[in-house]
Amino acid sequence: MNKPILSLLWSIVFLVACNNGSKEEDNSASSIRPVKYLTVGNSQQVGQLTYTGLAKAQQVARLSFKVGGTVSQIPIKVGDRVRKGQLLALLDATDYQVSYNQSLANVQSAKSQIESAQAQLENARANFLNAQSNYNRFEKLYETNSISLSDFEQAKSNYLSAEASLKAAETQVQAAIAGEKSSESMARSASNQINYTRIEAPFAGIISSINIEPNEIVGQGNPIIELNSIGNPDVEIGVSENAIATITNDQQVEVRFNSIPEKTFSGTVHEIGFSSAGTTFPVTIRLAESENRIRPGMPASATFSFNDQDKLQLIVPPGAVAKDVSGHFVYLIQEESQNQFVCKKQNVTIGRLRDAGFEILDGLSPGNKIASAGLDLLYDGMRVKLYRN
């Protein structure tokens with residue numbers, strides 16, 4: 001092969017190799033993922049949090065009978081205003097009255113038994129004292145040989161018999177007294193059974209529901225009437241886990257109702273739930289004023305205001321924070337060399353959720369660059385190129 005041809009072949013091989021190297025470099029550059037980022041800075045916030053909930057009465061009583069039976073009266077209807085102690089429902093108490101009358105008769109019988117037992121006790125005590133006196137006298141006579149042994153033994157036997165009869169009489173009196181107490185207890189129980197056939201209002205309020213009809217048989221303990229208190233209503237909302245620590249008792253709240261759009265109500269935090277109900281924590285707000293148009297179950301929104309003008313906070317958007325088994329984290333964007341960047345996973349401690357995003361209490365500093373979106377596509381140590389929001 002002559003030299004010109006050989007030189008041409010080597011030139012072709014060199015060009016192909018250079019072209020392949022260029023493609024590998026292009027492919028490597030194109031594999032670096034672009035990532036949106038932001039620079040963390042201090043922020044002064046006057047934040048507000050709004051949660052939705054429902055109005056409810058301050059007191060709600062779901063009333064039931066303590067005994068079962070047949071409903072004889074329901075002298076109220078839904079929507080009625082009732083006073084404390086007013087009769088709301090009544091059972092037929094005939095059977096309970098019979099039991100009560102029988103228990104009263106048992107009490108009288110027990111009293112008669114006590115009188116009889118006490119009379120027998122007095123008689124037994126007199127016999128015992130007489131037998132005891134004879135025994136003491138015969139004992140002295142026997143010691144002086146004035147009476148026979150058989151006479152002494154008879155006096156002794158009479159004394160022991162009288163003593164046993166006295167003890168038996170005392171036991172009968174005690175049993176009769178115990179019987180009287182038992183009868184009186186049963187009489188009180190029977191009287192209570194009659195009282196339990198009545199449902200009376202435990203407080204003044206409005207009847208919100210009735211679940212029975214006259215002549216219906218109801219069981220013990222089954223809720224049949226719901227009574228709501230009258231007066232300033234409460235509002236119950238659910239607060240997220242990120243914000244529950246910022247809510248305090250007696251904190252001021254603004255409340256609005258969809259059905260009363262022209263008015264804003266002031267209220268205070270009355271109760272804060274310690275355990276979650278699903279994904280939120282229950283918080284009860286007590287309104288400062290009453291409004292006849294507010295009914296239990298009406299939708300409401302409660303707005304909390306947090307004024308931190310004197311306190312600088314690091315705030316990052318919610319999309320810049322993720323969470324795994326180790327807790328909340330962000331991806332720091334660090335420059336390895338000129339225009340070469342890499343993601344580094346950084347655990348952070350978050351505070352309340354503001355309008356602008358999460359407070360970062362620990363783990364970041366002003367000036368840090370972090371990924372602001374697409375965190376589920378990133379991983380620790382991943383090479384990225386910057387794409388600013």
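The values are calculated or read from the model by the stated rules, or taken from the named source; none is laboratory data. Since the structure is predicted, the reported quantities are computational estimates derived from the model, not experimental observations. Positions of Cβ are generated from backbone atoms using ideal geometry, with glycine treated the same way; all protein chains shown enter the neighbour counts.
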Of residues in region 327-365 being within 14 Å of residue 380 (Cα to Cα) and among the polar types (S, T, N, Q), the one farthest from the chain's Cα centre (by Cα): 334
Out of the residues in region 367-389 meeting the condition of being at pLDDT below 85 and touching a strand residue (DSSP E or B) at 6+ places or on another chain (Cβ under 6 Å), tell me which one is nearest to residue 41 (Cα to Cα). 389
Can you say whether residue 200 is in contact (Cβ under 8 Å) with a residue 40 or more places away in the chain, closer than 20 Å to residue 85 by Cα and surrounded by fewer than 16 Cβ atoms within 10 Å (Cβ to Cβ), as far as the supplied structure shows? yes
Residues being under 38 Å from the mean Cα position of the chain (by Cα) and either without any contact (Cβ under 8 Å) to a residue 24 or more places away in the chain or surrounded by 13 or more Cβ atoms within 10 Å (Cβ to Cβ) (or both) - total across region 366-378: 1
Which condition number does residue 330 fail, the rest of (1) assigned to a helix (DSSP H, G or I); (2) in contact with a helix residue (DSSP H, G or I) (Cβ under 7 Å, 6 or more places away or on another chain) being met? (1)
Screening 241, 226 for residues that are under 25 Å from residue 208 (Cα atoms), charged (D, E, K, R) and either surrounded by 18 or more Cβ atoms within 10 Å (Cβ to Cβ) or within 20 Å of the chain's Cα centre (by Cα) (or both) leaves only 226
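What about residue 314, is it modelled with pLDDT of 90 or more, of a type outside the set (Val, Ile, Thr) and under 12 Å from residue 40 (Cα atoms)? Write out each step before concluding.
Numbers: modelled with pLDDT of 90 or more: no; of a type outside the set (Val, Ile, Thr): yes; under 12 Å from residue 40 (Cα atoms): yes.
Judged against the criteria, residue 314 is not a match.
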Taking first residues from region 213-242 that are under 30 Å from residue 299 (Cα atoms) and second residues anywhere that are surrounded by fewer than 18 Cβ atoms within 10 Å (Cβ to Cβ) and acidic (Asp, Glu), the pairs with Cβ under 6 Å that are 6 or more apart or on different chains are none
Listed by first then second residue, the pairs whose first member lies in region 247-267 and is surrounded by fewer than 16 Cβ atoms within 10 Å (Cβ to Cβ), whose partner is part of a strand (DSSP E or B) and basic (Lys, Arg), with beta carbons under 9 Å and at least 6 positions apart or on separate chains, are 263/256; 264/256
Expected single match for in the same structural domain as residue 70 (by TED's automatic domain parsing) and under 30 Å from residue 107 (Cα atoms) among 205, 219 is 219
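Within region 342-389, track down each residue that is part of a strand (DSSP E or B) and among the acidic types (Asp, Glu). It would help to see each step written out before you state the result.
As a first pass, look at region 342-389 and keep what is part of a strand (DSSP E or B): 342-347, 349-353, 358-362, 369-371, 383-388.
Across region 342-389, the qualifying residues are 359, 362.
Residue-wise test of (1) more than 30 Å from residue 223 (Cβ to Cβ); (2) among the aliphatic types (A, V, I, L, M).
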| residue | (1), (2) |
| --- | --- |
| 90 | no, yes |
| 94 | no, no |
| 102 | yes, no |
| 108 | yes, no |
| 134 | yes, no |
| 152 | yes, no |
| 180 | yes, no |
Filter result for residue 49 (buried (at least 17 other Cβ atoms within 10 Å of the Cβ), hydrophobic (A, V, I, L, M, F, W, C) and touching a Lys or Arg at 6+ places or on another chain (Cβ under 7 Å)): no
Restricting attention to region 126-149, does a residue exist that is aromatic (Phe, Trp, Tyr), more than 30 Å from residue 174 (Cβ to Cβ) and without any contact (Cβ under 8 Å) to a residue 60 or more places away in the chain? yes
Considering only region 86-110, how many residues are exposed (fewer than 15 other Cβ atoms within 10 Å of the Cβ) and more than 30 Å from residue 207 (Cα to Cα)? 6
Residue 314 passes all but one of (1) touching a residue at least 40 places away in the same chain (Cβ under 8 Å); (2) within 35 Å of the chain's Cα centre (by Cα); which number fails? (2)
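Please note which strands (runs of 3 or more DSSP E) are completely contained in region 196-242 and include at least 2 residues that are at pLDDT below 90.
On the way: elements: 198-200, 205-210, 225-229, 234-240.
In region 196-242, 234-240 are the strands (runs of 3 or more DSSP E) which contain 2 or more residues that are at pLDDT below 90.
This table checks each residue for (1) buried (at least 17 other Cβ atoms within 10 Å of the Cβ); (2) under 30 Å from residue 85 (Cβ atoms).
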| residue | (1), (2) |
| --- | --- |
| 157 | no, no |
| 162 | yes, no |
| 184 | no, yes |
| 192 | no, yes |
